[in-house]
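Right, one structure below, let's go through it.
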Amino acid sequence: MTQIDRLRMRELREDAAMWFALMRGPEAEAQRAHFETWLLADPAHRQAYNHVSEVFSLGKGLKPSSPAADPGKAARRLGTTKLGRLIGNPVLVLVLCVVAVPVVIALTTSAMRAIGPRHPLIAASSPAAPGSEATSLATAPGDVREFRLADGSRVILDADSRVQVALSAQRRDLALLRGRARFFVAHEPRPFVVTAGGGSILARGTIFDVALRGAAGASVDLIEGVVEVRQPPAVGTSAASSRSGGAVIRLSAGHGVAIGQAVDSAPQVTPLARTDWPSALRDFTDVPLRELIAEANRYAAKPIELADPALGDLRVSGTFRIREPDRLAGNLAALLDLSLEESPSAIVLAHRCTRDAKNSCPPS
């Protein structure tokens, strides 16, 4: 096993240990959708999680140490009893068995950060203001957050995204104004309508993604349930009748469609490519390097750049921490045998300099 393989195995087990602890805590239901997305993203995730579960089962068999029977040593008995309680704590046993003492500090820090809104693996739920007044939900660059609406629905916003929400007694209206979002729709009689790219998506109880594509409109990916996707109305349609204008597509789970295509062409329904974007640990199979870097740069304060554009054609496979550009760049450099240089404004990947090939090499 190579050094890179060992590093990935350790990272995977750390993530599995964190998920195992979170799913046995008070936030289990709120984080269940994130957990299931992570679990289904790669068979290796389930294997690592099962390993942690087995270790946990073994750890439950540990017996607390019995306090000393000497009545004259009450302080020692008290200390032994506390130690026994700690040893019997399942989360502590899990951490000690899976990731060893140095990692305990890291996991403890991660668990504390999970309480705040900027945890790199899962962001904390933030309540949206109730009522019929429009509410704006937004994330900063590099920040992925989950919001809980007054009707029980949830919205996960990707980095640098914004959604406007207006809940009334008759309707639930939302508008994706920037970026990408995942909607977990609470089932109830009021229609749940998301507008984006000039069209709209009607749902009642389902899970779907919507992403803006600039001048190309938007895309809709349905993960669960059924939605009706309405294309933008034809040119010249008045704003008052826009809700009833445009072709309507009934989308089934596992498929996606673009919003904002030319009105004289039929929208193409396609199978879903990937749905794991809310996860910090993402799996990529045979994708161009430029595509992986473009996705990572959504979350990077300091972007990753290629010294030679031709490097973008390299094909990459693996599981990467997409929201940690420093670590990702280092892993890519090792995986593809590239050099890595960091400037104040970017992290640059380039060809390694050799005696025979000095073109496109970074300056020494």
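Quick note: the coordinates plus some simple rules give every number you see, no bench work behind them. What you see is a predicted model, and the numbers here were worked out from it, not measured in a lab. Note that we place each Cβ from the backbone using ideal geometry, even for glycine, and neighbour counts take in every protein chain shown.
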task = Compare the peptides 267-276, 171-180 by average per-residue count of other Cβ atoms within 10 angstrom and give them in order, highest first.
result = 171-180, 267-276
request  = Would you please put 160-167, 300-307 in order of how densely packed they are, using the mean number of other Cβ atoms within 10 angstrom per residue and starting with the highest?
outcome  = 160-167, 300-307
task = Just grab the label-to-label distance for residue 252 and residue 301, each label 7 Å out from Cα along the Cβ direction, in nm (one decimal).
result = 4.7
task = Take the alpha carbon atoms of the range 143-158, find their center, do the same for the range 263-332, and report the distance between the two centers in whole angstrom.
result = 24
remark   = Dividing the mean separation of Cα pairs under 8 Å (6+ apart) by the residue count of the range 303-356 yields a relative contact order in percent of 43
Distance histogram in 5 Å bins (all Cα pairs of the range 250-335, percent per bin) = 3, 12, 20, 19, 14, 11, 11, 6, 2, 0
message = Give me the extension gain from residue 190 to residue 162: residue separation times 0.36 nm, minus the current Cα-Cα distance, reported in nm with one decimal.
response = 7.8 nm
